[in-house]
Structures are given as structure tokens and as C-alpha cells.
Amino acid sequence: MDFYFGLAQIIGVHTLIGLSAYIVLLTGQVSLAQAGFFAVGAYVAGMLTVLAGWAILPALAASAVLGAVVACAVGFPALRVKGLMLVIVTLAFGEGVRLFFFNFDYQVAKGGVKLGPLGSEGFRQIRYFPENGWTTMDVMLFIWVFVTLAMALLWWFDRSRYGAVLRAVGEDELAAQSVGLNLTAVKVSAMTIGGAIAGLGGGIYAHYTTHIEHASFGILLATFALAYPILGGLGSVFGTLLAAMFVQGFLVEGLRFLGDWRNLLFGALIVLAMNVRPKGFLDAPTLLGLKRLFGGKSGAA
Amino acid sequence: MKQIAVAVSLAFAAVGTTGALAQEKTIKIAGFGAKSGVVRSFGVNSEAAMLAAADQINKAGGIKLADGSKAKIKIDYYDDRCTAEEGISVARRMAGTDALVGVGPTCSNVAEPLFGILQKKVDDKSDSGMQFPIFSDVAIKGGLARISEWSFRNVPNEMTMYSSLFYWLKTQHPTLKTVFGGVEEDFAHSRATWYVVMKDRAIANGYTVAGESKWLLADTNFATQVREMKKANADIVAISAHPFSTCGVLKEMQRQGVKPKLLVGLTSTSSLETMQGCAKQAEGMMIPTSFAPVNKEATAAANATAKFKGSADLHSMAAWENMFILKQVMESENLSGNAKDLASDRRKVRDGLAKLKVTKGLLGDTKRTDDREADKPYLFVQAKSGNWVVLHNPL
């Protein structure tokens, strides 16, 4: 069972980074900076538990807060531009963060062994979970508590005035501005919340892999972060979860038995999925159908 | 009627045979490594070497178990795509099967997190890390087996090899004074080998480092780095990079007319891939390696691996050696081979590997260190006319 619990851990963390991009996408912004926030969270949480001896919860709280602060700081200048320009700006930020950790050395001797980030060689021995006797199932449940909380928060936003504001900005900025909405505040707040979720995800990632390095936080991760909500559909927060399960559970793990063919099929199946479901797995008609199925009101999605 | 009786008898006989075969025990060994991306060839070659070795062991009867019966080896090989997350996932998958031990991975950046999720100290009840023995064949970055007592490696000691190489070069070419380093900066192994091993050993042997240029594994343009190299005009150029970017740099050196008096390469570059990619440009390059088909046994191993569509190099032949070391350990530790004893059999494999002081390798005896690393015999090879030929045997 450990394998399945381990897989659930991976899906959980990928859902978190997908959710961090989801809230930004709701405002119509395409951000490739999520991998950068994720990296910040990973290094901060790792350093706090390994070097400072913190417990996991405060370390994750710090990684979420720092992820949010960095996202907020990036959001103000970055969100002055939009569309393709924003993609380039956030990509540059993500690469900047990756290259920072590529060159970041901060090692401390503990028990005769030097621990901490060591540039491109990474940061090893982030072993809080095994050293404290956590089983794979414990870690999986721990991760899914955070995934559930993040999804609940975003689900609640979607049903609140704030969610309507996010979508209004995403649908038509000019119309949103004309009714008095502060575009900068809306976009930066979404970016900040996304940064907090990504930072939290990164903190958890560092602890379940036990070793992090700059290469783990590159453009591929940023692309996956964006792909989850787009593939899953922006109609509901559950789409991101579904897409993370599809990619990590089916395409990566489920097709492993195909060997070399897996890599060929990987891209082809994503293209196929986007063609069959151009607005994501959970698009508006599907959500409406699900609502009817489960006896909900058939209002607009 | 008689025909029906014969047919029924044959059918029963067939069922009986199938039943007997089904009862034959199997020892499963899981291999894993990169079978995708730029380092794909490492995984492909390791898998071929493992299959070839298993085939040879099985043809010789298999592995003798505690009850005197013999078990055949079965290999399952998994692609981890050289990523940490997938490596961990593959390890968990292997541990969830009836595999007794894992052989791999290819990449040091997979080995580090993977060893991190293993139990650090055996019998430490407070450590919930995975209890599954891993015996590495390729991941070569120094000191990784220290991370967990469940991890073992059969990879060469680069510090010893390059120390010996630079010492030998000093004695053979006393007029050469300066070294310029080229490093594939974003790959854990190549970076560590330049900064911790090559550079250090060159200085220790009296060379002056005239400079260094850096590039990335996926880079395709090396004009700037080679210009720096040209400007430094060092006697020796030492390239710490894998075959793919090494070939790119060598071709750019040819384009810019950079001709150092000596070329030194990374141990992982002494492979067929380099010869396929840039044999002409690599001409003369010297590399210390733990494998070359210099004796009957090594040649036979290389030929057997070729039958499984793999090429023999220091990494794949380590996988070959691992299989025979594991056979020796499994037989000496009296494995039961029964599904109910899986955990204790895995523990026996781990303990057996930990006990080893010397193992038999294709180039001779390999000393095992207390921190579960190998001190393998090595020699120096040189690229000549599209082949790696033995230049010197320092041992």
C-alpha cells in the first residue's frame, strides 16, 4: 500500500501547485512564477526543520507566509503588464529564483555532517518525516489535510463576492474597472494567495522527497502548475484535482508499464484530452450536469 | 478412443508440467534508472547488462536457496526519467512488489532523495524510513551511500582515479603546467567531480588552474565557453561533463581551433555515446575508468550485454557485477525465497552486502569500504580512431 500512499502524496502536492495557479488564472492572468514560489517554500521549510530544528507545522506556515510575501512583492510590478508580457515576466522571475538557489550555499555542521543548501548539488537530508516516525500513510493524510483546506478555501471564494470579483476581472477587465473594482488589488491578492498555496506545497514537497535542488523547480514544473487548472477546467476547483490525478496518477504512474512508449503517449494524450475537452474536464455543461445529478440547483456555473 | 486417451494423457501431462513450473521459485530483482531523456542510454545499457547477467546465472542453474532448491532470477526494470519524484515513486513501487533488492538509479539527483527516504540506521525503531536494499550501479556522485545503511554502491572512486591520473600525467608530461576546467554546471555528478575532485587533484599534483568555464546539460551553444578556454591557453583541458555536452564542446573547440596539449574527460564519458557523437573531436582524450574489455571475462560480459542490445561501459558493467555480487550474497545468506519471508530475505540481502569486504569485478577485486562504497580497480583509456583503448594500467 505504501506505493499508493506515496502516489497520493505526489498527487496532493501537485494539486496544491495547480491550485496556486488556478486562483491566478481566475483573474485572467497567466503566471509561470508558481514554480518560483514553490521553490521558496521548499527551501524555507527545509532550512527551518533541518537547520533551525523547527517542527513541521510552523515551518510550513513560514513557507506559506514567505511564498505569499514574495508573490505579493512580485505581483505589484509584474501585474502592471498582462497577456504574453506577463508570461515572460513571471517566467523570468521563476528562472531567477531557480538560479538563486542554483548559487545558494548555506551549510551548517550538525552532528559532524554539513547540512543545508549547497548550490547546484542541492539540499539533502530533509528527513523530518522518517526521523519522527511518520509512516507513508501519516504523511499522505497530512498532505491531504492541506489539500482539502486549500480546496475548501478556494471553493468558498468561488461562492463568495470575492470569487465573483476574481472572475469578473478575468472575464473583462474594462467592465470590472468600470464598476469600480480595483484591478491591481484584485490581481495582487490572487497572486498572493496563489503564492501562499505554492509555498505551502513546496514546503511539503521538500519533506517528502528529502532532497531538493534547483532543477526540480524549472520551467517544466511551472508548466505543469498551469496545465492542471487548464486541463481540469476553471469552472470548479475540483478540475485541478482531477487533472493532477490524470497526469500524475494515469499518465506518469499508470502508464509506466509501457516503458519508452509512455513518453510518446504522454504528450499525445494531453493533446487528445484538450481536444476532447477544450474547456477542461469540468467545463460549465459538465458542472451543470453534475449539479443536477446530485440534486443541486441548476443555476449558472 | 485410443487417440482420445492419448490426448487426455498429454493434456494432464502438460498441466502437470505447468504446475511443476509454477512451483519453481523465482528471485525478483528490480532495476531502475533513466530510460528517457538525455541520459537514456545509461538506463538502457544497465537494463541490458542486468538481463544478460540474469540470463547467464539462470542458465547455470540459478540461485541456490536455503532448502537446497534453485531459483531463477527475474528482472523488472523501471524508468525513473532521472527525476527525484519518479525515483521515489519507483522505489515505493519496487518495495511493494516481491523484489528482494533494487539495482539503480542512473542519476545522483535521484539517488540522493531516494536514499533519504530509506531508513538511516538499521534497526532504528524511531526511523520510519523504507527498509529496502538498494545497490547502485551508476549514480556516481561521491559519498551518497552514507545517507542510509540500506544503500550500497558499486561505483568507482573518482577521487582515487583522478588523483592517480594527474599524478601519472605529471610524471609523463612534466612540461605541462596549466589546466583549464570545463564543467557541466547543473548536473550533480559533473559539477561535484570538477570542483571537488578534478580541480583539487590537479592543484594537489602541482598544476595551476588557468580558469574554468561553465555550461548546462541541455546547452547546445558553447561558443562563449570555448572562447574563454582559448583565451586561457592552458596546456590541459579537463572537461567534467557527460557525453552529450562534451561532444558539443569538443566540436566547438575544433571550430575555434582550440588544441590543448592534453584532453581529460569525465569518467562517465568513456562510453560508446561519445564515440558515436564525436569520435574525431575526442581523439586523444584521456579518461580514468573502471571498465574496459581488457580480459576474457570483461569481453564476454560486453558481448553478452550486446546480445540484449546494450553497450558495455563502466556503468552498465557495474550493473553486471552487481548481479553476480547479489547472487553470491543471496547464496551465502541462505535466502528462503518464500513470499512470507520477503522482509527477512531483504534484510539478509542488506546484511550480506554490508558484510562484504571484497567483491569480484571484471577488472579484478573490488574493496568494499565501511560506508558501503566500492574501491574499484581502474585504468586509463584514451580515444583513438573511434575506440577507447587502454593507455595505462596504474594498478
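The values are calculated or read from the model by the stated rules, or taken from the named source; none is laboratory data. In this text, all values refer to a predicted model and were calculated from it rather than measured experimentally. Reconstructed Cβ throughout: ideal geometry from the backbone, glycine too, with neighbour counts over all protein chains shown. In case anyone asks, the SASA skips ligands and DNA or RNA and just uses the protein heavy atoms, side chains included. Shrake-Rupley method; radii C 1.70, N 1.55, O 1.52, S 1.80 Å.
For the stretch A:128-139, residues that are buried (at least 21 other Cβ atoms within 10 Å of the Cβ) and within 7 Å of chain B (Cβ to nearest Cβ) total 1.
Residue check: A:Gly122 meets all listed conditions (1) within 10 Å of another protein chain (Cβ to nearest Cβ); (2) closer than 24 Å to B:Gly142 by Cα; (3) surrounded by fewer than 18 Cβ atoms within 10 Å (Cβ to Cβ); (4) not charged (D, E, K, R) but one, namely (3). Within the stretch B:52-94, the residues that satisfy the criterion of being within 14 Å of chain A (Cβ to nearest Cβ), part of a loop (DSSP other than H, G, I, E, B) and more than 18 Å from B:Phe132 (Cβ to Cβ) are B:Arg81, B:Cys82, B:Thr83. Tally up the residues in the stretch B:43-69 that are in contact (Cβ under 8 Å) with a residue 40 or more places away in the chain and closer than 19 Å to B:Val349 by Cα, please. Of the residues in the stretch B:43-69, 10 are in contact (Cβ under 8 Å) with a residue 40 or more places away in the chain and closer than 19 Å to B:Val349 by Cα.
Of the residues making up the stretch A:253-294, those that are more than 14 Å from every other protein chain (Cβ to nearest Cβ), aromatic (Phe, Trp, Tyr) and within 20 Å of A:Leu231 (Cβ to Cβ) number 1. For the stretch B:78-85, the criterion of being more than 30 Å from A:His14 (Cα to Cα) and not hydrophobic (A, V, I, L, M, F, W, C) is satisfied by no residue at all. Take B:Leu314 and tell me if it is open to solvent by less than 40 Å² (accessible area, probe 1.4 Å) and in contact (Cβ under 8 Å) with a residue 60 or more places away in the chain. Yes: the conditions hold for B:Leu314. Restricting attention to the stretch B:290-309, the residues being in contact (Cβ under 8 Å) with a residue 12 or more places away in the chain, among the β-branched types (Val, Ile, Thr) and farther than 14 Å from B:Asp55 by Cα number 1. When the test is whether a residue is small (Gly, Ala, Ser) and exposed (fewer than 15 other Cβ atoms within 10 Å of the Cβ), B:Ala298 does not pass it. So, in the stretch A:202-250, how many residues would count as being of a type outside the set (Gly, Ala, Ser), surrounded by 20 or more Cβ atoms within 10 Å (Cβ to Cβ) and within 14 Å of another protein chain (Cβ to nearest Cβ)? Number of matching residues: 15. Looking at the stretch B:230-241, can you tell me whether even one residue there is within 14 Å of another protein chain (Cβ to nearest Cβ) and under 21 Å from B:Lys280 (Cα atoms)? Yes, the stretch B:230-241 has at least one match. Counting residues in the stretch B:152-162 that are touching a Phe, Trp or Tyr at 6+ places or on another chain (Cβ under 7 Å), modelled with pLDDT under 95 and within 14 Å of chain A (Cβ to nearest Cβ) gives zero. Only one of the listed residues (B:Arg191, B:Arg201) is within 14 Å of chain A (Cβ to nearest Cβ) and either under 25 Å from the mean Cα position of the chain (by Cα) or under 19 Å from B:Ser164 (Cβ atoms) (or both). That residue is B:Arg191. In summary, B:Gln56 fulfils each of the numbered conditions (1) at pLDDT 90 or above; (2) touching a strand residue (DSSP E or B) at 6+ places or on another chain (Cβ under 6 Å) with the single exception of condition (2). The residue that is surrounded by the fewest Cβ atoms within 10 Å (Cβ to Cβ), counting only those in the stretch B:243-286 that are in a loop (DSSP other than H, G, I, E, B) and of a type in the set (S, T, N, Q), is B:Ser271. For the residues B:Ala91, B:Ala66, B:Ala111, the requirement of being surrounded by fewer than 24 Cβ atoms within 10 Å (Cβ to Cβ), modelled with pLDDT under 95 and of a type in the set (Gly, Ala, Ser) singles out B:Ala66.
Checked against the criterion of being of a type in the set (Val, Ile, Thr) and outside any strand (DSSP E or B), the candidates B:Val381, B:Val349 yield just one match: B:Val349.
If the condition is being more than 8 Å from every other protein chain (Cβ to nearest Cβ), under 11 Å from B:Pro105 (Cα atoms) and either open to solvent by 10 Å² or more (accessible area, probe 1.4 Å) or assigned to a helix (DSSP H, G or I) (or both), then the stretch B:34-46 contributes B:Phe42, B:Gly43, B:Ser46. Annotation note: of A:Thr210, A:Thr192, A:Thr223, the sole residue that is at pLDDT 90 or above, of a type in the set (Ser, Thr, Tyr) and on the phi > 0 side of the Ramachandran plot is A:Thr210. Filter the stretch B:352-361 for residues that are in contact (Cβ under 8 Å) with a residue 40 or more places away in the chain and surrounded by fewer than 22 Cβ atoms within 10 Å (Cβ to Cβ); which is nearest to B:Phe152 (Cα to Cα)? Filtering the stretch B:352-361 for residues that are in contact (Cβ under 8 Å) with a residue 40 or more places away in the chain and surrounded by fewer than 22 Cβ atoms within 10 Å (Cβ to Cβ), the one nearest to B:Phe152 (Cα to Cα) comes out as B:Ala354.
Yes/no matrix, rows are residues, columns are (1) without any contact (Cβ under 8 Å) to a residue 40 or more places away in the chain; (2) among the hydrophobic types (A, V, I, L, M, F, W, C); (3) touching a helix residue (DSSP H, G or I) at 6+ places or on another chain (Cβ under 8 Å):
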position: B:Met330; (1), (2), (3): no, yes, yes
position: B:Asn334; (1), (2), (3): no, no, yes
position: B:Lys340; (1), (2), (3): yes, no, no
position: B:Ser344; (1), (2), (3): yes, no, no
position: B:Leu363; (1), (2), (3): no, yes, yes
position: B:Asp370; (1), (2), (3): yes, no, no
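Flag not set for B:Glu331, criterion: in a helix (DSSP H, G or I), buried (at least 17 other Cβ atoms within 10 Å of the Cβ) and charged (D, E, K, R). Taking the listed residues A:Leu221, A:Leu241, A:Leu234, A:Leu226, the one that is assigned to a loop (DSSP other than H, G, I, E, B), within 17 Å of the chain's Cα centre (by Cα), touching a residue at least 40 places away in the same chain (Cβ under 8 Å) and within 30 Å of A:Arg262 (Cα to Cα) is A:Leu234, with no other qualifying. Considering the stretch A:102-112, and only residues there that are among the hydrophobic types (A, V, I, L, M, F, W, C) and surrounded by 13 or more Cβ atoms within 10 Å (Cβ to Cβ), the residue that is nearest to the other protein chains (Cβ to nearest Cβ) turns out to be A:Phe102. Restricting attention to the stretch A:18-48, the residues being more than 19 Å from A:Val89 (Cα to Cα) and either free of Cβ contacts under 8 Å to residues at least 40 places away in the same chain or crowded, with 24+ Cβ neighbours inside 10 Å (or both) number 8.
Against the test of being within 14 Å of chain B (Cβ to nearest Cβ), surrounded by fewer than 22 Cβ atoms within 10 Å (Cβ to Cβ) and hydrophobic (A, V, I, L, M, F, W, C), the options A:Leu99, A:Leu84, A:Leu91 yield a single qualifying residue, A:Leu99.
Among the residues of the stretch B:334-343, those that are of a type outside the set (S, T, N, Q) and surrounded by 14 or more Cβ atoms within 10 Å (Cβ to Cβ) comprise B:Leu335, B:Gly337, B:Asp341, B:Leu342.
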